[in-house]
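The values are calculated or read from the model by the stated rules, or taken from the named source; none is laboratory data. Given the structure is predicted, the values throughout are model-derived calculations rather than measurements. For neighbour counting, all protein chains shown are included, and Cβ atoms are generated from backbone atoms with ideal geometry for every residue, glycine included. Note: areas computed on protein heavy atoms with side chains; ligands, DNA, RNA excluded. Shrake-Rupley method; radii C 1.70, N 1.55, O 1.52, S 1.80 Å.
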Amino acid sequence: MLDLKFIRENPDFVKAGIANKNEIIDIDHLLKLDEDRREVIRQVEQLKADRNQVSSDIARKKKAGENADKEIEAMRMTGEKISELDTSLRDIEDKIHEINIWIPNIPHDSVPLGGEDNIEIIKEWGEIKKPKFNVLPHWEIGEKLDILDLQTSAKISGSGFYILKGLGSKLQRALVSYMLDIHTSDGFKEFSTPYLVNENCMFGTGQIPKMAEDVYRTENDNMYLIPTAEVSITNIYREAIVDYKKLPIYMVGYSPCFRREAGAAGKETRGMIRVHQFDKVEMVKIVHPDNSYIELELLLQQAEKILQGLKIPYRVGNLASGDLSFAAAKCYDIELWAHGVEKYLEISSCSNFEAFQARRMNCRFRDEDKKVKFVHTLNGSGLALARLIAAILENYQNEDMSISIPEVLVPYMGGLRKIA
């Protein structure tokens, strides 16, 4: 969430940021409620001061043996008025909260304006190979090699799911181990966290209420299947105060991810490209506010390191304001080349949320002067498995319809160099 004082002092800046994210929030109404809230607080404080004075008068009169009935009645009426104002204050604060939780994070000034088509490509890596043979899309080669089964997964769970089997399943396990080994060797602490979380966690990282239609909820106990390990890992520090000397905190974890993709109608849905369940290795950082944009660049490099090790061509884009997530102030997308659909597909998003998530989670740090401030949080996919496996099946495909194993994965595949 945004700080109400910041909104009050920078209304035009906030309005512009909201508009740049293609959102509509009545900030003027919010500021009017804030004025009402402060006026009620002023009245309550004045009445409490009056009550304290009357209480002193009552004590003085009783000590002098004088009648204090008038003062006692006045104090009773003052107490009733304070109670009424307290009720009014709670109602106003509830209304302010209900508006504030829908206000998106404000884009950083380095974010380009516009929508999906205005992404700023800042880097390209690797060469897109032009095979002399016809490269089969992953959903075809996967079934021919008996490592991917889409028909059975549809029978079990419906569309938007997949089954990996045999060497396909082993390839995924190899990728997970490879990624975790890389990240942990670079200072990330590995976590295995729950796949079901409570509503406070989903609110803390910004998935609800904004993205409520895209997540799976268990109605009986109001729990949520995580759309990414970001949710459970970041919320480890919910309601926490961290000593500044412990910052930055680097965390990484593997998990399945569950997404209804309610807003994804019309998007590419073949094979493993857009699914309701997929596996992912996720990186999370809890950092000092002064360093968060340096940490974002390092997080991007960490995700790139995986693709460079796998030698898969990719590009990096600075997302435009209208394409940013609800909670992000800035986001880099890494897109890898997919021969099957002959275009780049997002494989990782590396985002800086600044203090937006921290305020929702009440995650803070104590600085050198013992002052308590909000941390900045970041997260990045390191990486998502479904599209990565699809890219390997297409980028490492041979004319004889075998799949070469990327060199860095050979040890994790028990020395196997080819799926044939």
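At-a-glance table
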quantity: Region 245-276 - residue that is of a type in the set (S, T, Y) and modelled with pLDDT of 95 or more and, of those, nearest to K370 (Cα to Cα); calculated: Y250
quantity: Test: M211 is in contact with a Gly (Cβ under 9 Å, 6 or more places away or on another chain), on the phi < 0 side of the Ramachandran plot and not charged (D, E, K, R); calculated: yes
quantity: Unique residue being of a type in the set (A, V, I, L, M), within 23 Å of T228 (Cβ to Cβ), surrounded by fewer than 22 Cβ atoms within 10 Å (Cβ to Cβ) and at pLDDT 95 or above when the list is A327, A320; calculated: A320
quantity: Criterion: in contact with a helix residue (DSSP H, G or I) (Cβ under 6 Å, 6 or more places away or on another chain) and either among the acidic types (D, E) or open to solvent by 20 Å² or more (accessible area, probe 1.4 Å) (or both) - qualifying residue of L148, L164, L225, L196; calculated: L164
quantity: Residue ID - nearest to L393 (Cα to Cα), chosen from residues in region 293-330 that are in contact with a Lys or Arg (Cβ under 7 Å, 6 or more places away or on another chain), part of a helix (DSSP H, G or I) and of a type outside the set (G, A, S); calculated: L299
quantity: Count - residues of region 334-368 that are open to solvent by 30 Å² or more (accessible area, probe 1.4 Å), of a type outside the set (D, E) and modelled with pLDDT of 95 or more; calculated: 4
quantity: Qualifying residue in region 63-77 (condition: out of contact with any Phe, Trp or Tyr (no Cβ under 7 Å at 6 or more places or on another chain), outside any helix (DSSP H, G or I), modelled with pLDDT of 95 or more and loosely packed, with under 15 Cβ neighbours inside 10 Å); calculated: no
quantity: Test result for E80, modelled with pLDDT of 95 or more and surrounded by fewer than 12 Cβ atoms within 10 Å (Cβ to Cβ); calculated: no
quantity: All positions within region 242-262 that are outside any strand (DSSP E or B), of a type outside the set (A, V, I, L, M) and in contact with a Phe, Trp or Tyr (Cβ under 9 Å, 6 or more places away or on another chain); calculated: Y244, K246, R259, R260
quantity: Any chance I286 is under 17 Å from I233 (Cβ atoms), among the aliphatic types (A, V, I, L, M) and in a strand (DSSP E or B); calculated: yes
quantity: Residue list for region 17-40, filter: of a type in the set (A, V, I, L, M, F, W, C) and either open to solvent by 50 Å² or more (accessible area, probe 1.4 Å) or in contact with a Gly (Cβ under 8 Å, 6 or more places away or on another chain) (or both); calculated: A19, I24
quantity: Of all residues making up region 151-171, the number that are assigned to a helix (DSSP H, G or I) and under 24 Å from the mean Cα position of the chain (by Cα); calculated: 0
quantity: Residue within region 273-283 that is among the basic types (K, R) and in contact with a helix residue (DSSP H, G or I) (Cβ under 8 Å, 6 or more places away or on another chain) present; calculated: yes
quantity: Contacts under 7 angstrom Cβ, first residue in region 152-176 being more than 14 Å from G271 (Cβ to Cβ), partner open to solvent by 60 Å² or more (accessible area, probe 1.4 Å) and in a strand (DSSP E or B), 6 or more apart; calculated: V176/Y254
quantity: Residue check for N52: assigned to a loop (DSSP other than H, G, I, E, B), polar (S, T, N, Q) and at pLDDT below 95; calculated: no
quantity: Residue among E239, E143, E127 that alone is over 30 Å from K311 (Cα atoms), open to solvent by 50 Å² or more (accessible area, probe 1.4 Å) and not in a strand (DSSP E or B); calculated: E239
quantity: Qualifying residues in region 98-116 (those that are modelled with pLDDT of 95 or more and in a helix (DSSP H, G or I)) - the one surrounded by the most Cβ atoms within 10 Å (Cβ to Cβ); calculated: N100
